[in-house]
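Working notes, beginning with the structure itself.
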Amino acid sequence: MSRHLQLGVCDYPEHTPESNWQSHAEQQKALGLSVVRIAEFSWAKIEPQEGEYHWEWLDKAITVYANQGLSVVLGTPTATPPAWLIEKHPEILPVDQNGIVKQFGSRRHYDHASDIYKEYATLIVIKMLERYAQNKAVVGWQTDNELAHEGTGQSFGGASAEKFPDWLKKKYGAIEALNEAWGTIFWSQTYNDWHQIKPPTQVATGQANPSHLLDYRRFCSDMVAQFQDSQIQLIRQHAPHHFITHNFVILSEETDLYRLAEDLDFVAWDSYPIGMLEFFATWESEETKTAYARTGHPDLISLNHDIYRGLKNGEDFWVMEQQCGHANWAQYNPLPADNAVSLWTAQAWAHGASAVVYFRWRAAHMAQEIMHSGLLRQDGTQDRGYSDVASLEPSTFSLDSSMSSGCEVVLLHDYQSLWAYNHQPHHQDLNYWRQFTMFYSALRALGIDVDISSSKNVDLSQYKLVVAPALTIFDDSVHELIRNTDPDTQWIFGPRCGFKDATGKVPQKGQFQGVQDILGVRQLNFDSLRPGLTQDVTISEGGLNKVFEAQVWCESYELEEGQTEYVYSGGPQDGKTAVARNNNMTMIGALSKPLTTEIMTSRLTELGVETEILPEGVRLSQRSGSKLVFNFNQQEIQWKGKLLSPVSYQFLS
Ligand code: GAL
């Protein structure tokens, strides 16, 4: 039997009078939904006092869904430890970077390293499993909710502070090795003993040592992963027939998601296209934000789809929360355009989603998310997204083959590089995602589908072009990957690639040893351009000078091998190499989308990969032998003799 995209919704029976449950489930069924995710914040309702369990409401809610043929995904409720637990064990509360304890009253108020908290989390998860592992309506589990999100990935006191020195001791063995790795000779930061090392909280003059920051990130990321591991083990043990997933967040930075995804059956993420543009994409211009205010930017949305598909090597993923109306958490929260919800749904499928679950069924009439919408308004009437969902035909979205199998281009992503980059951006408007997105977007605007993979364990054999947009850290695994690459595979590196080694320091033998070894290129200078300051980059073609304007970041190279392709013109780096090429390796030092696009086009053409320059806001994607065109513009677009309606998608084949 052929499989197709599943649709579902996040529901909160604990927020809704019981008298509505039946009609809600009937409506969900009638709308074509087949799955509901519930209970991820319901600990206080399940266990209002320690050891006193109330399952009747949840039993009943699950039965109501089951009677409509809806499958249930249960969230473990560990993102919300109840008040009685915090009163008994305030030491599980996390501590912020200023040493202030974060208090009860929202969610995610726990330190992942706390053994006490882990004991309580284990207990509630076991209790839920004992109750529902054999329930026929339950098909799977979501661990916690958006682990480490909303700035909760690191606690700077309590259990984390206690465990950090031991973690370091295991990693380095001797304190001298740590001093060497962190370069503590600088400013007399040398440690005599492990117990002297604290989390990198507010230090006297602002920023802590970046190598210290980097190891603290790694440590906290391990703590989050271990916290999740214990839940995964319990679920596997008690409910081996159920799937386990987790709902990751937009442009997540807090943890190494490749590690977090390792033992999940599949990955899920929460897609809020409009909030993503308003809140996360700080680098986008006001014009861009206004143009995409009601649809979100197509590349930012698909970037996340591609990252999450790549977490488990190209396997299908779920969108566990899909925005279906206005959200509440960005600076501005406009209503989505008509048809945006179906456009997002089709785009998710085209990038590898096997289920899209809308957030949420009925808007909350209480507490922090009163201003957030759902498929139903607070009064129970159908909101704008409802008709969009009703217009979808899930059977048109086949799951017979996965999306990624055909990609010829891969982008390498790495959380250590992200952390190292963002600890020292050297420009207040620059960060890892900005640089990464520029490369990604240039490819998408050329009609290219891409995979995004970890630089640690990627199999490059299927790819013709490998792009490392912002691989700041070259550790041994990256060196090996590059050295063992097929000479026919082209590589493009963005600025700062290989600038640091795994310790977070610049390699000793020359400032740029990582890339120098491989490309025969030595970095000379980098130039951080304030707004309004630009730098020309030129190439001489047929006696004419072609000029590109770079903004934000320009670095120059000296070549030991290979050739200069583009040079800087004017300014302090006048005449120096901006883009270097050595056989199949290209290094781009200047941030300019048109320049990057030109280089990508030239390499792809050499490789026999077809490109086409798409109109602004128009994108192509292929899945299961189908090709789709998306129009994210709010106006009609003429494209190749076709009329693309505003905010729409069409199957081309
Ligand atoms: C998500 C979260 C949900 C809800 C939603 C609102 O990040 O998982 O619980 O808060 O945002 O947009």
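Worth pointing out:
- Sequence-distant residues sharing a close amide H with PHE493 (under 5 Å, placed H): ALA468, THR586, MET587, ILE588
- Debye equation applied to the C-alpha atoms of the stretch 409-606, log10 I(q)/I(0) at 0.11 Å⁻¹: -0.44
- Under a 5 Å amide H cut-off, with hydrogens placed 1.01 Å from N, ARG37 pairs with VAL9, CYS10, ASP11, VAL73 among residues at least 5 apart or on other chains.
- Of all beta bridges that DSSP places with both ends in the chain, some 50 percent have antiparallel geometry.
- Helical runs assigned H by DSSP (4 residues or longer) give the chain a calculated mean residue ellipticity at 222 nm of -9000 deg cm²/dmol, each run adding -39500 (n - 2.57) before division by the residue total.
- Here the stretch 564-620 and the stretch 280-352 have alpha carbon centers that stand 27 Å from each other.
- Sequence of TRP329, TRP318 once ranked by neighbouring C-beta atoms within 10 Å, starting from the fewest: TRP329, TRP318
- Ranked by how many other Cβ atoms sit within 10 Å of their own Cβ, fewest first, the residues MET587, MET366 fall in the order MET366, MET587.
- Projected onto planes of every orientation and averaged, the convex hull of the alpha-carbon atoms in the stretch 429-543 covers 9.7 nm².
- 3J(HN,Hα) from dihedral phi, the stretch 477-489, Karplus parametrisation 6.51/-1.76/1.60, rounded to Hz, x for glycine, proline: 5, 5, 3, 5, 4, 5, 5, 8, 6, 5, x, 7, 7
- Likely footprinting exposure, PHE359, PHE493, PHE219, fewest C-beta neighbours within 10 Å first: PHE219, PHE359, PHE493
- Under a 5 Å amide H cut-off, with hydrogens placed 1.01 Å from N, GLY99 pairs with GLN202 among residues at least 5 apart or on other chains.
- J(HN,Hα) series, the stretch 604-619, from Karplus relation 6.51 cos²θ - 1.76 cosθ + 1.60, nearest Hz, glycine and proline x: 5, 5, 4, 7, x, 9, 6, 10, 8, 7, 8, x, 3, x, 9, 9
- Stokes-Einstein D (µm²/s) once Rh is taken as the Kirkwood radius of the chain over alpha-carbon pairs, at 20 °C in 1.002 mPa s: 82
Computed from the coordinates by the stated procedures, all read-outs in this text should not be read as laboratory data. On a predicted model such as this, the values are computed, not experimentally measured, just so you know. Backbone-built Cβ (ideal geometry, glycine too); neighbour counts: all protein chains shown.
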